[in-house]
Amino acid sequence: MNHHFQGIGMTSQRTRDRLVERLRREGIQNQQVLEVIRTTPRHMFIDEALAHRAYEDTALPIGHGQTISQPYIVARMTEIILENGIPGKVLEVGTGSGYQSAVLSRLVPKVYTVERINALLMKARRVHRSLKLMNIYSRLSNGSWGWPDKAPYPAIMVTAAPEHVPESLLAQLSVGGRMVIPVGSISGAQTLRLITRTPTGFEQQTLNGVHFVPLLDGSIR
């Protein structure tokens, strides 16, 4: 599978293996997730000047005040989404560099992703195309949350932190569906939450402390 991922770019397999070992030590258990992180070329999603840091377990700037998430967070959120089996499709809110959607696309049949900064979206699309990831559908967010036309989703992943969980995203979750979302203010504490839709409402679990860029309204062309 995806043999064209092997050996691209300037980073040795050893560097990637080290990252995966670190994630395993930090508690990531899903073997498939670890394997996808090992073989996804994270250096292609960041500027060349930072490429040598691509396989460190750290967030890196991607311009426009945004970051590419720390690999641990990408692995953790992906693992949570897959905990109850593989969902048929995932909605990602906040494409950013496109790295998280690339990881998801190799584990789930369809990834729908929205981004409010057009320049980032265009760049992410180019990388996805070059990696032949044909199951990622992306669009510029028009300031409403998510992608309602394609709802409901068995899984939603939000990669920026709103102060409160947006109602319209809850509405796009199917019954039994899971949403993983960081919630909190920029200055205050943020927590990663798992929200499950039940036949009668929503259940919420707080997972761990995190730090994300804020989730904002409105698109930027």
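Read-outs: derived from the displayed coordinates by stated rules, not from any lab. This structure is a prediction, so every number in the text was calculated from the model and none was measured. A quick note on method: Cβ atoms are made from the backbone with ideal geometry, for glycine too, and the neighbour counts reach across all protein chains shown.
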Any hit, the stretch 45-60, residues being surrounded by 16 or more Cβ atoms within 10 Å (Cβ to Cβ), among the hydroxyl-bearing types (Ser, Thr, Tyr) and touching a residue at least 60 places away in the same chain (Cβ under 8 Å) = no
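Go through the residues of the stretch 101-113 one by one and say whether even a single one is in contact (Cβ under 8 Å) with a residue 40 or more places away in the chain, over 17 Å from the mean Cα position of the chain (by Cα) and at negative phi. Talk me through it step by step, then tell me what you get.
Within the stretch 101-113, the subset in contact (Cβ under 8 Å) with a residue 40 or more places away in the chain is 102-104, 106-108, 112.
Those left that are additionally over 17 Å from the mean Cα position of the chain (by Cα): none.
No - not one qualifying residue is present in the stretch 101-113.
Going through the stretch 136-154 one residue at a time, which ones are polar (S, T, N, Q) and surrounded by 15 or more Cβ atoms within 10 Å (Cβ to Cβ)? Please lay out each step first, then the result.
Taking the stretch 136-154 first, the residues polar (S, T, N, Q) are 138, 141-142, 144.
Listed by number, the residues that qualify are Ser138, Ser141.
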Of all residues in the stretch 72-92, count the ones that are surrounded by 20 or more Cβ atoms within 10 Å (Cβ to Cβ) and either farther than 13 Å from Leu104 by Cα or of a type in the set (Ser, Thr, Tyr) (or both).
-> 1
Kindly indicate whether Leu23 is over 15 Å from the mean Cα position of the chain (by Cα), assigned to a helix (DSSP H, G or I) and free of Cβ contacts under 8 Å to residues at least 12 places away in the same chain.
-> no
